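Below is one structure, written out as structure tokens; comments come after it.
No value in this document is a laboratory result; all are computed from the given coordinates. Keep in mind it's a predicted model, so treat the numbers as computed, not measured. In this analysis, Cβ positions are derived from the backbone assuming ideal geometry, glycine residues included, and neighbour counts consider all displayed protein chains.
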Amino acid sequence: MRRFLAFGDAELGAPLPPDDAPPRARVELPWKEAKAEWIEALERLYFGSLLAETAGNVTKAARRAEIDRNHLAAIALRHGLRT
């Protein structure tokens, strides 16, 4: 179910592909839009998982991601991962 939420690559109720199967690209979109969707999904998945592993500690998560803490906080706010 996580793959569907992150990438939208399955129809509701359809069996999910194995975890090692690549997600389906939305080729009906122009490259720029498709790329933006993938980046957004990756940010939500990566930073959501990272914040969960660090119990919401932005400083620890930023250190592990090797990015500035303020940048991570802005990404988390943009994706609703933090209030």
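General observations
- Among 41-52, 23-34, 58-69, the order from most to least packed when residues are scored by Cβ within 10 Å on average: 41-52, 58-69, 23-34
- Ranked by how many other Cβ atoms sit within 10 Å of their own Cβ, fewest first, the residues H71, H79 fall in the order H71, H79.
- Per-residue ³J(HN,Hα) for region 69-79, Karplus 6.51 cos²θ - 1.76 cosθ + 1.60, θ = phi - 60°, Hz, x for Gly and Pro: 4, 5, 5, 4, 4, 5, 4, 4, 5, 4, 9
- Between region 28-49 and region 59-83, the C-alpha centres lie 17 angstrom from each other.
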